Amino acid sequence: EISLIYKEAEGEASFRYMKQDAALVGEERAAYAEKYSGTYNADSYENEALGMKWRLPKGWHFYDDDELTAYNEKSAEDLLLEDLPIYIFAAVNDDYETMIDVRLYPCDGAAYETAGEEFAKSLFDSYASVCRTNYSDVTAETENITIGGRTVRKGIFMFTADDQEFVRKQYYLVFPCAAAVITLSGTENSE
């Protein structure tokens, strides 16, 4: 198997994970990947389709193509071809204790256009179940909040893993052909 790594030189990070060839994944999937890929500019990431802009705090780094492939446990091409959820963005602080990621879920716009709340609830319930299965001292709460004039469901999960307390906050956004979960993870309960 040959893996293409889009790096100018060895050791230089590349951020082309979601840039897919239509000949390999089909025009519809390539357009979907392009629409939701976002762009990197020095210390910021912007995703117009999601309405998100993230400025990299000092001591953090973006996941590059190689790290996203490892994080997803598959290539973007494979995930797109199988219509599976895909982490399209991640950033972490240098000690790997605090991170942010965005996971994209393909969905039929007609089916989810009026069902955003139900879809968000199903994602919340699914992750709450994962937490209760894998961690101890789990609390899971949800609320509707407003971000940028848009009402979204927010999930707050607190749990203990390896004798360390963690807080994970998820924001569920539903769009015509995709849903996104923005997750902030860390050891402190802060915004």
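Give SER136, SER185, SER129 a once-over and let me know the one that is out of contact with any Gly (no Cβ under 9 Å at 6 or more places or on another chain), within 23 Å of TRP60 (Cα to Cα) and of a type in the set (S, T, N, Q). Don't jump to the end; show me each part of the working.
Details: SER136 fails: within 23 Å of TRP60 (Cα to Cα); SER129 fails: within 23 Å of TRP60 (Cα to Cα).
Matching residue, one of SER136, SER185, SER129: SER185.
Taking residues in the range 52-67 that are on the phi > 0 side of the Ramachandran plot, and partners anywhere that are in a loop (DSSP other than H, G, I, E, B) and open to solvent by 50 Å² or more (accessible area, probe 1.4 Å), the pairs with Cβ atoms closer than 9 Å and at least 6 places apart or on different chains are GLY59/ASP94; GLY59/ASP95.
The set of residues in the range 137-159 that are out of contact with any Phe, Trp or Tyr (no Cβ under 6 Å at 6 or more places or on another chain), polar (S, T, N, Q) and closer than 17 Å to ASN189 by Cα contains only THR139. Within the range 179-190, residues that are without any contact (Cβ under 8 Å) to a residue 40 or more places away in the chain reach partners that are open to solvent by less than 50 Å² (accessible area, probe 1.4 Å) and assigned to a strand (DSSP E or B) with beta carbons closer than 9 Å, at six or more positions or on different chains, in the pairs ASN189/ILE156; ASN189/VAL167; ASN189/LYS169; SER190/VAL167.
Which residue is most open to solvent (accessible area, probe 1.4 Å), if the candidates are limited to the range 39-63 and must be among the hydroxyl-bearing types (Ser, Thr, Tyr) and closer than 16 Å to TYR87 by Cα? So the residue we want is THR39.
Scanning the range 146-173 for residues that are open to solvent by less than 30 Å² (accessible area, probe 1.4 Å) and under 17 Å from the mean Cα position of the chain (by Cα) returns VAL152, LYS154, GLY155, ILE156, PHE157, VAL167, LYS169, GLN170, TYR171, TYR172, LEU173. For residues that are under 30 Å from LEU24 (Cα atoms), open to solvent by 60 Å² or more (accessible area, probe 1.4 Å) and outside any strand (DSSP E or B), scanning just the range 83-133, find the one that is modelled with the lowest pLDDT. If we take residues in the range 83-133 being under 30 Å from LEU24 (Cα atoms), open to solvent by 60 Å² or more (accessible area, probe 1.4 Å) and outside any strand (DSSP E or B), then GLU113 is modelled with the lowest pLDDT. Going by the conditions given, is ASP66 under 24 Å from GLY186 (Cα atoms), open to solvent by 20 Å² or more (accessible area, probe 1.4 Å) and modelled with pLDDT under 90? Criteria not met by ASP66.
The values are calculated or read from the model by the stated rules, or taken from the named source; none is laboratory data. As the structure is a prediction and not an experimental result, all values here were calculated from the model. Every residue, glycine as well, gets a Cβ built from its backbone with ideal geometry; the counts of neighbours run over all protein chains shown. Ligands, DNA and RNA are stripped out before the accessible areas are found, and what is left, the full protein with its side chains, is counted by its heavy atoms. Shrake-Rupley method; radii C 1.70, N 1.55, O 1.52, S 1.80 Å.
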